[in-house]
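Notes for the one structure printed next.
The values are calculated or read from the model by the stated rules, or taken from the named source; none is laboratory data. Computed from a predicted model, the values in this text were never measured in an experiment. Cβ placement follows ideal geometry from the backbone for every residue including glycine, while neighbour counts extend to all protein chains displayed.
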Amino acid sequence: MGQSSIIFAAVLFAFLPNAAPAPDSATAAANVVDAHYNHLKSFKVAFTEIYSGPGISRSESGILWLKKPGRMRWEYHQPREKLFLTDGQTAYFYVPGERQARSAPVKKLDDIRSPLRYLLGKTKLEKELEGLSLAPDVKPLQAGNVVLRGIPKDMKDRVSEVLMEVSPAGQIVRIVVHEVDGATTDFRFSGFEENIPVQDSLFHFTPPPGVEMIQDTQFSQ
């Protein structure tokens, strides 16, 4: 995803009152995550995205919606308005005020955010991340969470490692994506609202009058 910020694999969480002890293996932790997300139909969460690359550093924040099957809407509010969404088939990126909006087939999209849609699918984390293991050397943001590491199978040429912090409830509260070029994207999530009504219209994009739609598989930001 170049300097675009993004996926995957994985986002999202709220804690249960009587949380279970932290899983003692990567497989156990992955099973808890699978059980949680494979039963979700929709959710809304606040996110902060921190990007660091050669000569570049930025922090952005906004709201993320996900809804089955495979639909996402990233609304960036700070420091400027931006929109990234997928309707399950096509992804769109638009910055209000610009004269062009970009689109790409989801299957061909080269964007770090795109793998996160697995969270609302029927899949297994161990199938998404190669070499999945615990990362005891990485301190979690919150006590009781565990950190997993692995490499997204469909982005091995681009991503060297993904770290995923998981709560005892199976929610993913942080995803850190390390790219092969040295860039890092750190996604942090809070204020989860799960299985809430989410209108389908949120995942439809119609370019504003006068805005040209162009195809581009890499959404640099």
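Residues checked against (1) in contact with a helix residue (DSSP H, G or I) (Cβ under 7 Å, 6 or more places away or on another chain); (2) surrounded by 19 or more Cβ atoms within 10 Å (Cβ to Cβ); (3) within 23 Å of ARG71 (Cα to Cα); (4) of a type in the set (Gly, Ala, Ser):
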| site | (1), (2), (3), (4) |
| --- | --- |
| ASP154 | no, no, yes, no |
| VAL159 | no, yes, yes, no |
| GLY170 | yes, yes, yes, yes |
| ARG174 | no, yes, yes, no |
| GLY182 | no, no, no, yes |
| THR185 | no, yes, yes, no |
| PHE189 | no, yes, yes, no |
| ASN195 | no, no, yes, no |
| SER201 | no, no, yes, yes |
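The residue that is farthest from THR48 (Cα to Cα), counting only those in the stretch 179-213 that are part of a helix (DSSP H, G or I) and not polar (S, T, N, Q), is ASP200. The one condition from (1) surrounded by 22 or more Cβ atoms within 10 Å (Cβ to Cβ); (2) closer than 24 Å to GLY55 by Cα; (3) in contact with an Asp or Glu (Cβ under 9 Å, 6 or more places away or on another chain) that ALA91 does not meet is (2). All of THR90, THR27 fail the test of being at pLDDT 80 or above, β-branched (Val, Ile, Thr) and in contact with a strand residue (DSSP E or B) (Cβ under 6 Å, 6 or more places away or on another chain), apart from THR90. Which of the residues spanning the stretch 31-52 are closer than 17 Å to LEU83 by Cα and not hydroxyl-bearing (Ser, Thr, Tyr)? Selection gives LYS44, VAL45, ALA46, PHE47, GLU49, ILE50.
From the list GLU81, GLU98, GLU60, GLU75, the lone residue that is in contact with a Pro (Cβ under 6 Å, 6 or more places away or on another chain), of a type in the set (Asp, Glu) and surrounded by fewer than 21 Cβ atoms within 10 Å (Cβ to Cβ) is GLU81. Among the residues of the stretch 143-152, is any of a type outside the set (A, V, I, L, M), out of contact with any Pro (no Cβ under 6 Å at 6 or more places or on another chain), in a loop (DSSP other than H, G, I, E, B) and exposed (fewer than 12 other Cβ atoms within 10 Å of the Cβ)? No, because not a single residue in the stretch 143-152 is of a type outside the set (A, V, I, L, M), out of contact with any Pro (no Cβ under 6 Å at 6 or more places or on another chain), in a loop (DSSP other than H, G, I, E, B) and exposed (fewer than 12 other Cβ atoms within 10 Å of the Cβ).
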